[in-house]
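See structure below.
The values are calculated or read from the model by the stated rules, or taken from the named source; none is laboratory data. Small disclaimer: the values here were computed from a predicted structure and weren't measured. Note: areas computed on protein heavy atoms with side chains; ligands, DNA, RNA excluded. Shrake-Rupley method; radii C 1.70, N 1.55, O 1.52, S 1.80 Å.
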Amino acid sequence: MHIIDRRLNPGGRSFTNRQRFLRRAKNLVQRAVREDFKNRSIKDLDQGGEVSIVREGVHEPVLRRAGGSGKRDVVLPGNRDYVEGDRIRRPQGGAGAGAGSEAGQGSGEDAFRFLLTREEYLDLFLDDLELPNLAKRKLATTEAKELRRAGYSTTGSPSSLSVSRTMRHSLSRRIALRRPGRAAIREIEEEIARLEVSGGDPARLAALRVEHERLVQRSRRIAYIDPIDLRYRRYEQTPRPVAQAVMFCLMDVSGSMSEHMKDLAKRFYALLHIFLRRSYRNVDVVFIRHTDHAEEVDEETFFHSPETGGTIVSTALEEMLSVVRARYNPDDWNIYVAQASDGDNIGTDNARVAALVNESILPICQYFAYLEVGRGDTHLPAGVMTRTTDLWRTYEGQVAPGGHFVMRKVWHRREIYPVFRELFRRAGVDGGGKS
């Protein structure tokens, strides 16, 4: 049997060697991917690309001969400069210079540039992230299916042949058809041989030969294993209950949000959208943007359509609850909320916001993440805002504390990924510090 591997090798390279390299240098490549993300535009977040890793981290292991320096006899294969039997003179001077240039004459290579496909880039980028508390209150039937054993069939792939079940059917058929066994035929052959040697009764010898011929012919007509005996393990795709989840993305697009703030919020949501789309097949994403009124929009409008106006945060929360009542029963769905705002809100609305979050949203949602974006001051440490906003003060002082409500601040786009990773890191994985 010949097996031909027709898988495409990325970039013409060996697929096996490439995957082995990624496993060995995973930490270095993953760190380079996360650094590369900080300088990407929104439209390029989910693309592959070229990253640089330190050359020292990708050295191949080398087996060296034990012992110190000195003269050693070495056998080398020939090439176009040397043939078998030539003696190679020892180089004069000190140690070799390596791949770099001489001292004072430029710099040698200290980085290894590596091209990642889109799939490899996203796999490394989202490796240690997950939705927290993804535990169903109720399992719902969806289109997800899995293969399960479903008895046996008379046709199938050779790899799924059930030898024990096949032999059982073969034995039953041979017994039912009274197929002569090898022992019976061998016994007659031995008796014929004894009679031929001893010169026994010719009539008995003739009868034994006829019986032997009959048994041999019957054994040939009734096969030891017949195609009707073959049994193959059968598998069927059966629906299985899976966890359903919905992520509500609430974004403030009012006039108080500068282009810098909107860019921060959009980068956060773009990253969230890539993460959900990449990691979960059964997660719906609902986009809601608001000024002094809120509306559910599609992905294109959410990320690219301009908007301005006043700020009433409660309108977004009320719109979310309206969508939940219409399409996402909390008994059947895991509900997640991600809200991004500059923190400004009309003063008379803050009490309404706190009441909606405390009494209506937190009791039905699995996780609520609030991201506050701000102008920040360049002379302040990263993550320190110029002031405490109304919305931050409302959430901090009035929302009941709990593990499924979290708040973070960012003012520079290089902070987006660390904060995002902290909000959605997999349980048991180091969060890498707070922002």
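Close amide H contacts of TYR152 (hydrogens built in the peptide plane, cut-off under 5 Å, sequence separation of 5 or more or a different chain): ARG234. Accessible surface for PHE287 stands near 10 Å², nearest 10, in the context of the full protein assembly shown (1.4 Å probe). If you wrap the Cα atoms of the stretch 170-279 in a convex hull and average its projected area over all directions, you get 14.7 nm². Working note: Karplus 6.51/-1.76/1.60 with θ = phi - 60° gives the stretch 224-234 the couplings 5, 10, 9, x, 6, 7, 5, 10, 10, 5, 10 Hz, where Gly and Pro are set to x. What's the carbon and sulfur percent of the stretch 304-350's accessible surface, probe 1.4 angstrom, rounded to a whole number? After summing per-atom areas, the C and S share lands at 50 percent.
Less than 5 angstrom separates the built amide H of LYS409 from those of GLU372, all sequence-distant by 5 or more or on a different chain.
Heavy-atom surface analysis with a 1.4 Å probe gives the stretch 151-215 a carbon and sulfur content of 57 percent of its accessible area. Close amide H pairs (under 5 Å, H built 1.01 Å from N) link ASP292 with GLY310, ILE312, residues at least 5 positions away or on another chain. Taking a ≥ b ≥ c as the square roots of the Cα gyration tensor eigenvalues, with a/c under 1.5 meaning rounded and otherwise prolate when a/b beats b/c, else oblate, which class fits the stretch 247-329? Because a/c hits 1.5 or more and a/b fails to exceed b/c, the stretch 247-329 counts as oblate.
Taking every protein chain into account, the accessible area of the stretch 208-329 amounts to 48 square angstrom per residue (probe 1.4 Å).
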